[in-house]
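First the structure, in the form of structure tokens, and then the observations on it.
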Amino acid sequence: MEQYFQKTLTCLVLHVCMLMCPDLWAEASRELAEKFTIEQMVEYKSLPSYSQAPSLKKLEEKGEIPPIGQRLPAEPFVWKTNVMVDGPGVYGDVLRRVYGAGTEGWNFAVGQIQGWGGTEAYRESLINISMMWVMKEPAPVPNLARSWEWADDGYTLIMKLVEGVRWSDGYEFTAEDVIFSYDHILDDKIPSWQTKSTFSFGGQVTELKQIDKYTVSWHFGIAYPVVAIYQMNERFPIVPAHILKQHHPKYNTSNSYNDYFNVTPSDALPVVSLGPYIPVRYKPGQQLIYVRNPYYFKVDERGQQLPYFDAIQFTDARDWSIRTLNVLAGSADNTHVQKYDLQPVVLSAARKPNTHFKTHWGDWRVPHQINLNLSLHLGVKDKRDKALRKLFRKKQFRVALSHLIDRHGITNGVFPTPATKPWYGGYCEGSTMYDESMVIRYPYNPDEARQILAELGFEDIDNDGILNWPNNSEISGEELIIELRAGGESPEWVQLAEALVEPFRKEGGIDLRVKQTGRSASAERNAGYWEMEVSRDMSTNAPEIYPHSVGPMSDTTPWWHMSGSGGQRDLLPFEKEIATLLESTVTIRSAAKLKKVFGQVLKLYTENQYTIGIMQAKYLDAYAKRHKNYPADFPIQLYGWTEKNVPMEIRWAEKSDQLPTSNYLQMIPKLSDY
């Protein structure tokens, strides 16, 4: 009887909420976080019939592309309607985006970038981690790999690929493409997004073998390294062996690596693609156009081949704020508002009657920090470099720097928005592994900072306000000058760096010299030619997915303490502890156990100021009202960015709201165009 009354009361409360707060109820019904199992999201099966975009039907009728049944796998990937808050869509419309880095080329496996901001829509990966945010128990989501199974001993993983997936030029995707793509990661001469260290477990580089046309086997140095599956995401680019293998130096000894890197320049169009869209037009500094892929292997539950949009149009703008201004002006459809002083402007515009876009807040998942170069064996050119690296490795100095940062002053003065607040390093509050009880803070305290610097032997011997190096250092008597790098493409990084200059000089006697970096920043970083840097490391939002990025699990990680030639690296005692903890996580399957271990890592991070946190922030997304299937609670950044968290292939617009696309439809490649 008591249970009956409880259920009755619950129903009454829910009914009252529906009547009094219909908007809140509607929003709740559009939430997807932690709601589904894999089986409720995705399946591979043959459907009774298939349909396609009218533009493709016309090409099919003209004989310029094969019938849809020959272009799809026998059992295509099916996005379940569960993940579509507005349901299956209709064809048409164009997604207008702004990207900010230009296009270097089309081989992502050799480190070439296409510009970010959705340009990855021509690629696909073995597994999908971005959509784990909708899962009750987050786990890799099948994609090009439809299933995998551990051998009894846990040292081997058998992976089944989707049969019948085709590249946009009609060639079949097979295990050969996976083996060839993995070659790029293993090759030290290729600047891939991951290295063989990422795929090394128990001191052994993971071996990948082809069993048959649609099956591969992974062989590991330890049992059940579950984290290895997560590494098969977008950072493991799948590239077409039938196009690129003939140019790769491993298979064509007459070619150099430079020859290979130049095989896919930005004007080599159309690009042979696996993703929902194909790059077909590029005007440097102006525009990049993608159109639908006739061979895309995914459908909805109605049998409609995806994507719904006919095309994506990217406008080239090297300042990310242009992306936001274009959304305000109605010439772009989506933006992450990364420039914090623009967030109030966007929110105000969104409240106006008949506005054309919506806004959505992310969580506290944007870390801004100072990284110090801790390497004694990489990029050390002279006595000054050596002295600085030794200084950076001293915990007292890193703590002194933390005490010089007025975090509240920065978040209230430089970035006066509710979307920023003080942060002390490690992981942000929105991280999957954050544990408040494990955070050690060294708050703003200039007096304490000065005392620590004095104890380290620094004093202002010429009374000019800048400390001089102690007598026992390699550069005795020289002024304490440190170069602080900040990415010029991200205005907030430069603002942060400049906000530190005066207090560091006035209150700490440290002369910071801000250097805005450009495209050469990564090369300089990898060579060790840098001192301190203001950065934003989003991998800490899900450190269980990217443990290599968090600490010293490989020669190239973390990027602020990479090994020198021959693998030389002197880890600090606390780094060794972090490395041991991180190594233990690769086989842990329990979420509770993972959180406990990463909590210990967080404590070591903050206690030792491994990275010196400045502030954490929330991004704001603005997106076109006419576009459907945006959940009410999508993360802007967690396991991936919005571009993948709300899959671009399932977004759509009502016919009455669509923009004209006839000019794009003429650009769909035929087989003769490749």
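Remarks
- Loop sites in region 66-143: trypsin sites (Lys or Arg not before Pro), DSSP, at most 16 other Cβ within 10 Å: 80, 136
- Listed peptides 622-630, 413-421 appear in the order 622-630, 413-421 once ranked by packing, highest mean of other Cβ atoms within 10 Å at the front.
- Length-normalised contact order of the chain in % [C-alpha pairs under 8 Å, at least 6 apart]: 19
- Cα-based helix-to-principal-axis angle, 2-20 vs the chain, degrees rounded to 10: 90
- Charge sum, other residues only, whose C-beta stays under 11 Å from residue 672's C-beta, Lys/Arg counted +1 and Asp/Glu -1: -2
- Kirkwood hydrodynamic radius over Cα pairs of the chain, then Stokes diffusion coefficient at 20 °C and 1.002 mPa s, in µm²/s: 80
- Mean-position separation - Cα centroids, region 508-575 and region 423-481, in angstrom: 18
- Two-decimal log10 I(q)/I(0) for region 228-297, as the Debye equation yields it once each C-alpha is a single scatterer, q = 0.11, 0.23, 0.24 Å⁻¹: -0.37, -1.11, -1.13
- The angle separating the long axis of helix 320-329 from the principal Cα axis of greatest extent in the chain is about 50 degrees.
- For the listed residue pairs 383/421; 298/595; 80/358, the alpha carbons are over 29 angstrom apart in 383/421; 298/595.
- For region 358-466, averaging the sequence separation of C-alpha pairs within contact (under 8 Å, six or more residues apart) and dividing by the residue count gives a relative contact order of 32 percent.
- Residues of type lysines that residue 250 reaches as a straight line, Cα spacing below 19 Å, ignoring anything fewer than 8 places off in the same chain: 189, 196, 209
- Across region 150-269, Cα-Cα pairs farther apart than 27 Å form 21% of the total.
- The residue 64 and residue 436 beta-carbon pair, evaluated with R₀ = 60 Å, returns a calculated FRET efficiency of approximately 0.50.
- Annotation: lysines with alpha-carbon distance below 17 angstrom to residue 670 (same-chain offsets under eight excluded): 57, 58, 62.
- Other residues within the sphere of radius under 14 Å centred on the Cβ of residue 452, judged by their own Cβ, net out at -1 (K and R +1, D and E -1).
- Inverse of mean 1/r across different Cα pairs in region 35-109, Kirkwood, Å: 16.0
- Alpha-carbon gyration tensor eigenvalues x 5, square-rooted, for region 366-617, Å: 28, 22, 17
- Helix 175-186 and the longest principal axis of the Cα set of the chain meet at an angle near 10°.
- Electrostatic bookkeeping for residue 169 treats Lys and Arg as +1 and Asp and Glu as -1; over the other residues with beta carbon under 14 Å from its beta carbon, the sum is -1.
- Convex hull of alpha carbon positions in region 479-530: directionally averaged projected area 3.7 nm².
- Reciprocal mean inverse distance between Cα atoms of region 405-502 - Kirkwood radius, Å: 16.3
- Cross-link partners of residue 644 among aspartates and glutamates (Cα-Cα below 15 Å; sequence separation of 8 or more within a chain): 120, 124, 234, 621, 633
- Simple spin-label estimate for residue 382 and residue 526 in nanometres, 7 Å along Cα-Cβ: 2.6
Computed from the coordinates by the stated procedures, all read-outs in this text should not be read as laboratory data. Values in this document were obtained by computation on a predicted structure and should not be read as measured data. Backbone-built Cβ (ideal geometry, glycine too); neighbour counts: all protein chains shown.
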